[in-house]
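*Asks:* Before I ask anything, here is the structure I am working with.
We did not get these values from a lab; they are worked out from the coordinates using the rules stated. This is a predicted model, so every value here is computed, not measured. Note: ideal-geometry Cβ built from the backbone for every residue, glycine included; neighbour counts use all protein chains shown.
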Amino acid sequence: MADDDIILSELSDDELVQQMHDDLYDGLKEEIEEATQILLDRGWVPYDVLTKALVEGMRIVGIDFRDGILFVPEVLLSANAMKAGMTILRPLLAATGAPKQGKLVIGTVKGDIHDIGKNLVGMMMEGAGFDVIDLGINNPVENYLDAIEREQPDIIGMSALLTTTMPYMKVVIDTMKEKGIRDDYIVLVGGAPLNEEFGKAVGADAYCRDAAVAVETAKDFIARKHNSLAAGV
Ligand code: B1M
């Protein structure tokens with residue numbers, strides 16, 4: 001129950017989604033879990049629960065964090081509540097039976113501990129048929145290089161949420177260039193402060209605005225890779 005007065009299961013869909021935004025704001029993990037399950041039981045598709053209830057709720061948290069109304073400890077609680085909802089959705093998003101597409105190594109770059117967006121991209125990519133190797137947060141270039149050697153992925157994905165950490169993507173890409181392996185992989189970047197121009201400037205193949213775009217972009221690049229292999233180029 002959200003509080004003494006509110007029975008989540010008695011709310012209409014719209015009221016419940018609104019309540020989820022409030023509960024995410026207040027970092028109420030159990031309520032988010034319960035409401036996520038209620039929406040699924042009512043026949044909502046997992047992607048709609050994710051975007052309309054959870055991601056939208058986090059967007060609101062982000063505004064008040066920016067404006068100094070919420071602080072780190074509160075936002076951490078919101079993040080934990082969001083992750084609890086995502087944990088319920090993950091197997092459902094992954095179980096689409098999509099044909100195998102390829103392998104993605106993804107991680108948040110050095111100095112940065114934001115992982116909700118990266119996790120979401122990973123979940124959606126799994127659902128689209130990619131094998132996903134998640135390097136977690138705060139990754140120095142060595143972690144990407146080790147994973148490349150170990151996993152032989154098709155795609156390297158990097159996430160950054162801070163203006164101070166996003167330049168580190170260039171360090172990773174430049175190191176790949178120095179080692180002569182840059183062109184062997186598709187490099188996709190994402191994160192709230194990035195844009196297309198930045199993606200080009202650091203030498204990525206593409207900037208992905210959100211998880212859905214990441215999936216479409218990845219599939220597109222994999223198709224191009226297969227086409228050029230078939231053509232012998
Ligand atoms: Co932080 N934080 N935070 N934070 N935090 C931001 C990013 C900030 C914009 C808030 C603000 O001030 N408005 C601001 C950055 C400002 C700037 O750089 N200019 C900020 C700050 C300042 C900080 C600290 C420095 C605060 C402090 O300590 N004083 C600190 C830094 C810690 C560090 O990393 N070293 C910090 C800490 C934290 C928490 C730990 C409290 C928590 C993170 C918890 C966690 O992730 N486990 C947190 C949170 C939650 C946020 C906000 C509120 C929400 C981020 C989020 O999860 N969004 C954020 C505000 C904002 O972004 N507006 C903020 C939801 C998520 C679904 O969206 O991550 O954008 P997003 O991911 C999207 C796309 O960007 C894209 O797809 C995703 C899904 O659609 N995408 C990719 C992301 N990665 C991709 C990779 C790809 C492709 C697409 O690869 C192929």
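*Asks:* Do any chymotrypsin sites (Phe, Trp or Tyr not before Pro) in the stretch 32-112 lie in a loop, going by DSSP, with at most 11 other beta-carbon atoms within 10 Å of their beta carbon, and if so which?
*Replies:* Those that pass, being in a loop and sparsely packed, are 71.
*Asks:* Right, here's the next one. First check a/c for the stretch 170-222, with a ≥ b ≥ c the square roots of the eigenvalues of its C-alpha gyration tensor; if it is under 1.5, answer rounded, and if not, answer prolate when a/b is larger than b/c or oblate otherwise.
*Replies:* Taking the square roots of the gyration eigenvalues as a ≥ b ≥ c, the stretch 170-222 is oblate.
*Asks:* Output the relative contact order of the stretch 14-132, whole-number percent, from Cα pairs under 8 angstrom with separation of 6+ residues.
*Replies:* After rounding, I find 28 percent.
*Asks:* Another question, then. Using Cα pairs closer than 8 Å and at least 6 residues apart in sequence, work out the relative contact order for the chain, in percent.
*Replies:* The normalised contact order for the chain reaches 15 percent.
*Asks:* Over all alpha-carbon pairs of the stretch 13-107, lay out the pair-distance distribution in 10 Å bins, whole %, shortest bin first.
*Replies:* Values per bin, smallest distances first: 16, 45, 27, 12, 1.
*Asks:* Run the numbers for residue 72 and residue 30: contour at 0.36 nm per residue of separation, minus the present Cα-Cα distance, in nm.
*Replies:* So the extension gain works out to 13.1 nm.
*Asks:* Size of the dipole of the stretch 8-98 about the Cα centre, Lys and Arg at +1 and Asp and Glu at -1 on the beta carbon, nothing else charged, in debye to 20?
*Replies:* 540 debye
*Asks:* Pairs to check: 100/225; 29/219; 118/200; 29/100. Give those whose C-alpha atoms are more than 23 Å from each other in this structure.
*Replies:* In this structure, 29/219; 29/100 exceed 23 Å between Cα atoms.
*Asks:* Let me ask another. Can you give the Kirkwood hydrodynamic radius for the chain, in Å, rounded to one decimal and based on Cα pairs?
*Replies:* Kirkwood radius, the chain: 18.7 Å.
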